[in-house]
Each structure stands twice: as structure tokens, then as C-alpha cells.
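Data block below; observations after.
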Amino acid sequence: MKTGIATVSIAGELPEKLAAIAAAGFDGVEIFEQDFIAHDSGPRDVGQMVRDHGLEIMLFQPFRDFEGLPEPDRARAFDRAKRKFNVMQELGTDLMLICSSVHPKALGGIDRAAGDLNALGDVAIEHGLRVGYEALAWGTHVNDHRDAWEIVRRADHPSIGLIVDSFHTLGRKLSPESVRRIPGDKIFFVQLADAPQIEMDLLYWSRHFRNMPGEGDLDVRTFMQAVVATGYDGPISLEIFNDQFRGGSPRAIAEDGMRSLMALMDDVNRIEPAPQLDIPTMPPRTEIEGVEFIEFAADEVEASRLGSLLTTLGFAHAADHINKDVSLWRQGEINIVINTEREGFAHATYLSRGTSVCDIGLRVKDAAETVRRAEALKVKLFHQRIDQGELHLPAIHSVGGGIMHFLDAASGLTDVWDVEFKATGNASEGAGLIRVDHVAQTMGHDEMLTWSLFYTSLFDASKRPVVDVVDPGGVVRSQVIESSDASLRITLNGADSNRTLAGHFVAGRLGSAVQHVAFESGDLFETERRLRARAMAFP
Ligand code: MG
């Protein structure tokens, strides 16, 4: 299966877009006319530039307002199409997208549209080109993929096929099941996009709010299952119009796109019996069993202050690392690690961000499988030197510059506290804190989708609806990502403005980071009583 992405989905100048798309591992692009209108050189050079990046041009788009016109507009539409065909030949692509007409003079009529496409097919075939017809959700006469298919069927031309786009079908709340009835070889191209469920004008929604499959609320998976059932084996391409993406980091958006596609294809392969999409096999989403540890990077002075705070909170300084300047603080099932090493990742985090959470350890069913899935989803693995007597704990680079470790009981990794640490003999009565309830991570609002996609593609976790939290300095968007039994609960807080508490935090930390960790208590009033007894100050 080939993967593609529309250049319009990515920010930047064309060379920057292409570099990001190639680096993310896509096979090709859908190219927009604006790309080379805005670019210094012509279509021939643009085509060469795309190929120089190891990419192919899978589609040229869009060609608008073609079908169903009366003369003389009809003849003009054909002249326009011929000029586009010449451009396509210079670019080096053989497929054009025609979207259903919104022309005020378009007459409608399925046979008229089919006749126009059939005649265009004759021109296209002379150029060695093909044309795909797509029903725009806001098309004047054709706004349903079933009508577009009927037009293509009646056009009955080898150079004329159908293009389906998940947004146009799902955005109009049409069932994708009817896609199953279309012959796979008459589908020339498949475009995917998701979107948050917002009631607004379809055109505006489509142009500004689309996002990657899995980032929104549309059932792109069912749509893709229907596509696969047809036997379609052409490219699967992302066509995402999103204001934030257009202003975002080209590399990050391209990586998110590839991650979303791989996770979606894997989901489809697990559900739809046949045929199977040709993607690397990966283990299923990881089941989280709990937060095993939270690690802070600090220097000695701040580590001492942090230790005092933890003592007040009822934690015991339970153990020290056998090789490293790392201490373990424990209460209930909660393990807090303080790392004051002068080298390694924690130290680098301390130098760039000050005392902060640098690492989260998750208890999972199978740590090795978790990392295998992460790798298949193009997440970078994290490696650090292992000294004598230490376990190899698999780890990945999380979003926002943190590290995430995975520990499982089956391979003995949850014994790390006995293997790598020496008990101090210190104990504490504790304050009734049992386990980590949630970890709150704060980021710029434009990074939230990246984070939620990261967690939901990797872990067996779902997202709750975004909640707007009003802060005196602006609005903070908050979203909970949670595993089914709440063993992992992460709140993402996206700040638009530096004047909010969350925004201030992001600016002060030079980027996204853990803003707070919440602990669960079996009896809050008892916990409060014990904390007051330990001289904990409450606001
Ligand atoms: Mg489309």
C-alpha cells in the first residue's frame, strides 16, 4: 500500500514541505496548483524537485466546476481541462481530481455529468492521463459519493474513475457502507481526513478544521474498512486542511500524519477479514496496568527541597540506586524517583528546564511489545548506557521532550527496585496516598492533537471531549486521555496565551512538560488530617 499526503496539509514553502513529507516516510504527494504558482519555477522543475525527494506525484488537484455546464461555458471548461492536462504532463503525474461543481450555471442531471466526463475521458486518454471524480459535501448537484459513483458508472470510460474522501462522506453523516458496493478498480484514489464534531457550515468546517485520522470524531475506521472491502489497492492519502497545521512544524505534522495512517491501517487489518492492507505488522495497543514511577531531574539543592516536600506528603526515602545519584521515595504504590546525576538524559533535562519531571515509567503487560508497536508507529526509541547490575528497561522518546519507560512483571522489569536499588530502611506512616491518579501535561494548544494521537495510537486509551477551562488570562483547553480501567489517566492542557497559568508554565519551561501529578487517596479527610499534622500548608 502506498501512502500519500496533500502538500496543502503541511506548513512551509514547497521544498520544506517535501523534505518533511519524505522524512516521515510517505511514498508520494497530492500536489496543489497553488504550490507551483507560489513557487519560483514551473511545473517541470516542481515535478523534478518532488522526485528528487524520493516522492511521486500521485494526484494533481483540484479541477473545479467542470461538469454539467451549458455552452459556451462547457467548451471553456474543456479548454481549461486541456491546459491542466499539459501542466500534469510537465509535472509528471497521471491522475487529476475533479470535484463536483458548485458553478452557479451548472445544470445538474446525472447523465449530463456522465456525458461530460465520458468526453473528457477521451481527451485524457490521448494524453495518457486519468481523471477521478469526487463528490464535494457542498457540491451544488452532486454531494454524495453514491451519486458521484453513478455518474462515473454511466460515464463508462477506462480513464474516468471515482475519488472517495472520508470527510465528504462522514462530514455529511452519510454511511460509508455503500462504498463497499463500488468496484475497487473504479476507485482511482482515496483521501482520508478526520474532523472534530462541530456544527458549522460544511465548507468552512472542511477548510479549517480537518485533522488526521484518529485526531477527530469521525468514524474514519469504518470508512476505511469499506474501502478495503472493495479490493482497492491504490494509494491512501491524507488531505487535511487545518489552520493550526498550516502554521505548525512541517516535520511534526508529517510525522503525526504517518503515525495516524499506520495506526488506522493496523486497526482496519484487525477488524476487516480480507483483503489485508500491506503494512508492517505490529502488536496491538498496549494495555497499561499503572504508573510505576515518576522521575524528577534536579540538582542537589533542589533535590533536598523536593525530598522535604515529599517527606511532608508522607513519602519515605525508601532506597538509593546502586550506581547512580538517584533516590526512590515511596508511599502506597507510588514511586517517585529523584535523579541528580551529572550526566545523561535527566541532567540534560535539568540543564534546559530546571527541576522537572523528565521520565514516566508505565507498568504494562508486555514492555517489549509496547516498544515494538511504538517503533512501527515511528516513535523514536530511547537508549542510555546500562551499568553493571542494571536492567534494560525499554524506553521511548515521548512528545514534548520527555522519556517514557515500560516495565512488566513477566520479564522481571518491575523488580527494578530490588535489583537496582538498595533499601535505606526508612519507613513512613504515610498520608494515605495510594497511587498516581493522573499526570497533567501542559503544552501549547497547537500541540494537543500531536499528544492525544501519540497516546491513543500507542496505548489502549480513549480521549474524553475537550473542556474549555476559563483562566483569568484566557482559555485553556483540557482533555483527558484515559485507559479503560483508569490505570493511566493523563490530562492535556493546551494554552493559547502566555497570560494563562498553563501558558505561563509552557513559556517558563521552554516547552511542554508535566505541570502536576495528582495522587489518589482512599480517604481524603484522613489524608488532610495527616498532612496537617505533618505541617503541610494548605491554601
Ligand atoms: Mg478531497
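The values are calculated or read from the model by the stated rules, or taken from the named source; none is laboratory data. Small disclaimer: the values here were computed from a predicted structure and weren't measured. Neighbour counts are summed over all protein chains in view; Cβ atoms, including those assigned to glycine, are modelled from backbone coordinates with ideal geometry. Note: areas computed on protein heavy atoms with side chains; ligands, DNA, RNA excluded. Shrake-Rupley method; radii C 1.70, N 1.55, O 1.52, S 1.80 Å.
Which pairs have Cβ atoms under 6 Å, sit 6 or more apart or on different chains, and link a residue in segment 185-196 that is among the charged types (D, E, K, R) to one that is more than 9 Å from the ligand (Cβ to nearest atom)?
Taking only residues 6 or more apart or on different chains, the pairs are 186/161; 186/162; 194/211; 194/213; 194/215; 194/216; 194/218; 194/220.
What residue, of 201, 147, 156, 185, is of a type in the set (Asp, Glu) and within 16 Å of the ligand (Cβ to nearest atom)?
Sole residue among the options that is of a type in the set (Asp, Glu) and within 16 Å of the ligand (Cβ to nearest atom): 147.
Condition check: within 13 Å of the ligand (Cβ to nearest atom), open to solvent by 20 Å² or more (accessible area, probe 1.4 Å) and at negative phi. Does residue 238 satisfy that?
No: the conditions fail for residue 238.
Please work out if residue 144 is assigned by TED's automatic domain parsing to the domain that holds residue 228 and buried (at least 17 other Cβ atoms within 10 Å of the Cβ).
Judged against the criteria, residue 144 is a match.
Restricting attention to segment 55-62, does a residue exist that is out of contact with any strand residue (DSSP E or B) (no Cβ under 6 Å at 6 or more places or on another chain), at negative phi and free of Cβ contacts under 8 Å to residues at least 40 places away in the same chain? Step through it out loud before you land on a result.
To start, the set of residues in segment 55-62 that are out of contact with any strand residue (DSSP E or B) (no Cβ under 6 Å at 6 or more places or on another chain) comprises none.
No, segment 55-62 contains no residue that is out of contact with any strand residue (DSSP E or B) (no Cβ under 6 Å at 6 or more places or on another chain), at negative phi and free of Cβ contacts under 8 Å to residues at least 40 places away in the same chain.
Residues that are out of contact with any helix residue (DSSP H, G or I) (no Cβ under 6 Å at 6 or more places or on another chain) and away from the ligand (no atom under 16 Å from the Cβ): which strands (runs of 3 or more DSSP E) entirely in segment 1-109 hold 1 or more of them?
56-63
Among the residues of segment 119-135, is any within 16 Å of the ligand (Cβ to nearest atom), touching a Gly at 6+ places or on another chain (Cβ under 7 Å) and within 30 Å of residue 200 (Cα to Cα)?
yes
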